[in-house]
1. Quick one: how many lysine pairs in the chain have C-alpha atoms under 19 angstrom apart, if they're 8 or more apart or on different chains?
2. Between the helical axis of 83-105 and the dominant principal axis of the chain, each derived from Cα atoms, what acute angle in degrees is found, rounded to the nearest 10?
3. If I fit a long axis through the Cα atoms of helix 32-44 and take the longest principal axis of the Cα atoms of the chain, what angle between them do I get, 0 to 90°, rounded to 10?
4. Please identify the longest segment of the chain free of exposed trypsin sites (Lys or Arg not before Pro), where exposed means a DSSP state other than H, G, I, E or B and no more than 16 other Cβ atoms within 10 Å.
5. Return the distance in nm (one decimal) between the two label points of a simple spin-label model at Thr12 and Ser26, each offset 7 Å from Cα along Cα→Cβ.
6. Kindly provide the helix-only [θ] at 222 nm of the chain, computed as the sum of -39,500 (n - 2.57) over DSSP H runs of four or more divided by all residues, to the nearest 500 deg cm²/dmol?
7. With unit charges on the beta carbon (Lys/Arg positive, Asp/Glu negative), name the residue among Val36, Asn69, Ser56 whose Cα is farthest towards the positive pole of the charge dipole of the chain.
8. Mind checking the dipole of the chain: about its Cα centre, +1 per Lys or Arg Cβ, -1 per Asp or Glu Cβ, Debye to the nearest 20?
Amino acid sequence: IDNEELDNNEITANRNKITTILPYLSQYADDYNDWVNIGGHIKKAGGNLKLFDEFSKLSKNKYDKNAVNQKYNLLPTDEGKGIGSLVFLARNAFIEELEDNIYNIFDEDELKELFKQDYFKNFIKIVF
């Protein structure tokens with residue numbers, strides 16, 4: 001499906017999902033090939049230049065607004081790209097981060113409180 005084949009409801013829903021999962025895609029923002037690949041997924045899923053720019057800002061030291069603007073129209077939107085792949089990548093990154101850090105960061109009471117928060121509930125609904 002090309003971006004043009006998505007209806008407005010799908011585009012809106014996908015953009016909301018992308019906004020929610022974006023922080024979990026940060027590991028892909030520094031490597032050029034990963035950056036272009038994730039950008040293609042964002043664009044194919046109905047994402048726009050603003051979302052690609054937000055993703056690009058996740059790079060620790062390579063963010064360049066001009067490069068983002070120049071690259072957006074050239075992003076690949078080939079077969080296999082889209083919201084499903086973005087969710088899969090975010091889900092895996094989330095699980096890795098959770099496994100690595102959950103008990104180092106939170107105590108049991110903090111975890112219980114975290115699971116009650118709306119942001120976390122929305123993220124879980126999207127990726128699981």
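Each value in this text was obtained by applying a stated rule to the coordinates, not by laboratory testing. Only a predicted model underlies this, so the values are computations on that prediction, with no experimental measurement involved. Cβ placement follows ideal geometry from the backbone for every residue including glycine, while neighbour counts extend to all protein chains displayed.
1. 26
2. Orientation of helix 83-105: about 30 degrees from the principal axis.
3. Approximately 80 degrees, to the nearest 10.
4. Working: sites that count: Lys57, Lys60, Lys62.
Free of exposed loop sites, the longest segment is 63-128.
5. With each label placed 7 Å out from Cα toward Cβ, I get 3.0 nm.
6. Working: 7 runs with 85 residues, N = 128.
Using -39500 (n - 2.57) per qualifying helix, the result is -20500 deg cm²/dmol.
7. Asn69
8. Details: 16 positive and 23 negative charges, 93 e Å.
In debye, rounded to 20, the chain gives about 440.
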